[in-house]
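Participant: To start, I am sharing the structure in question, which I have written as structure tokens.
The values are calculated or read from the model by the stated rules, or taken from the named source; none is laboratory data. Nothing here was measured: the structure is a model prediction, and the numbers come from that model. Positions of Cβ are backbone-derived with ideal geometry, glycine not excepted, and every protein chain shown enters the neighbour counts. Only protein heavy atoms, including side chains, enter the accessible area calculation; ligands, DNA and RNA are left aside. Shrake-Rupley method; radii C 1.70, N 1.55, O 1.52, S 1.80 Å.
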Amino acid sequence: MSQSSSLLEGRLLLTILGIEHLEYQLIHAKIEIDHQINAKPGTSHYDFCVKNGWQKYIDTMLAVDFLILNRDRHGANIEVLRNARKRSLRIAPFFDHGLSLLCSCYSEEQIKKFDIMEDKPCQNFIGSRSTLENLNLIQNKASIFKNRLTENDRDIIFKDLQNTLSAEHMDKIWEMIDTRWRYPKENAHRTVVI
């Protein structure tokens, strides 16, 4: 096992196998959400999150996963932060989007052929194996999918990525995000069944 430590902003930063953990004097703990939920039999994963006050977070996560076609949102990719002193739980920020967007496209030909609305099977801990079907869980889609995306949004998304992604990749990713952003509004009257 590889382990090292260093100080960051006065806090001990512990690195084990390349994974960084901030040590908060042993009062904070990181818990994968599947360990929390599995302790509550009979409660759906979504309902557990709603009951804990995390509905807006989970709804936003489901929307983002749909927009970028994130295929890797298993329970270890949703974490709960526990503060023993305050006896509180809070959800951790989103992380691990490695299996999203055009992750399977390695050539211009693959990019051109990529179906931006295809609903690929996903490892979703909350909801089903479909990011499209999971939109049904979001009760107030209008609060998440507000306004239209603009060229300014595109500029923000791709800021400083011109030397990292090809123009073809950026164009296709933008087409995907923009089309998927409009989908809930354009199909608000329909319930998705896969």
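Participant: Compute the length gained on full extension between SER128 and PHE95: take 0.36 nm times their separation in residues and subtract their Cα-Cα distance, giving the result in nm to one decimal. Walk me through the numbers before you get to the answer.
Facilitator: Values: separation 33, 0.36 × 33 = 11.88 nm, distance 1.94 nm.
Gain on stretching SER128 to PHE95: 9.9 nm.
Participant: If the chain between ARG182 and LYS113 were fully stretched, how many nm would it gain, using 0.36 nm times the residue separation less the Cα-Cα distance?
Facilitator: That pair, ARG182 and LYS113, stretches by 22.7 nm at full extension.
Participant: For the pairs LYS51/LYS159; LYS51/LYS113; LYS120/LYS185, note any where the Cα-Cα span goes beyond 32 Å. Intermediate values should be presented prior to the final figure.
Facilitator: Working: LYS51/LYS159 37 Å; LYS51/LYS113 42 Å; LYS120/LYS185 21 Å.
Distance filter (> 32 Å) returns LYS51/LYS159; LYS51/LYS113.
Participant: Just to confirm the filter: which chymotrypsin sites (Phe, Trp or Tyr not before Pro) across the range 102-131 are DSSP coil and have at most 14 other Cβ within 10 angstrom of their Cβ?
Facilitator: Loop-located and lightly packed - TYR106.
Participant: When the accessible area of the range 43-167 is computed with all protein chains present and a 1.4 Å probe, what percentage of it is carbon and sulfur?
Facilitator: Here it works out to 51 percent.
Participant: Provide the three semi-axes, in whole Å and in decreasing order, of the ellipsoid equivalent to the range 45-194 as defined by the square roots of 5 times the Cα gyration tensor eigenvalues.
Facilitator: Rounded to whole Å, the semi-axes are 28, 19, 16.
Participant: What figure in square angstrom, to the nearest 10, would you give for the accessible area of CYS103 with a 1.4 Å probe?
Facilitator: Using a 1.4 Å probe on the heavy atoms, I get roughly 40 Å².
Participant: Same structure, new question: What is the set of long-range amide H partners of ILE91 at a cut-off below 5 Å, with H atoms built 1.01 Å from backbone N?
Facilitator: LEU81
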